[in-house]
1. Please indicate, with yes or no, whether at least one residue in the range 1-16 is open to solvent by less than 100 Å² (accessible area, probe 1.4 Å), at pLDDT below 95, of a type in the set (Ser, Thr, Tyr) and in a helix (DSSP H, G or I).
2. Limited to the range 41-62, what total is found for residues that are open to solvent by 100 Å² or more (accessible area, probe 1.4 Å) and either part of a helix (DSSP H, G or I) or of a type in the set (D, E, K, R) (or both)?
3. Right, TRP32: aromatic (Phe, Trp, Tyr), on the phi < 0 side of the Ramachandran plot, open to solvent by 70 Å² or more (accessible area, probe 1.4 Å) and at pLDDT 95 or above or not?
Amino acid sequence: MIQFVILAVTWLVIDFTLMSTYAGLGSSISRWFQSLHRYKCFNRATGGLFIAAGGTLMASNQ
């Protein structure tokens, strides 16, 4: 039973820390995306990364 409590507390601490960090970064990035130019550049860059990942997956199955 004590192992379960330790596991649960550890999971809660790690999860809370990561979610707080994620929310803080999201808040600061939202200000960065208020510029339409930056938003378009980000969409093009991430779209290119997804296309590259898809191409890599297609090439790896041959």
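The values are calculated or read from the model by the stated rules, or taken from the named source; none is laboratory data. Just so it is clear, the model here is predicted, and its values are computed rather than measured. SASA here: full protein model, heavy atoms, side chains in, ligands and nucleic acids out. Shrake-Rupley method; radii C 1.70, N 1.55, O 1.52, S 1.80 Å.
1. Taking every residue of the range 1-16 in turn, none turns out to be open to solvent by less than 100 Å² (accessible area, probe 1.4 Å), at pLDDT below 95, of a type in the set (Ser, Thr, Tyr) and in a helix (DSSP H, G or I).
2. 6
3. no
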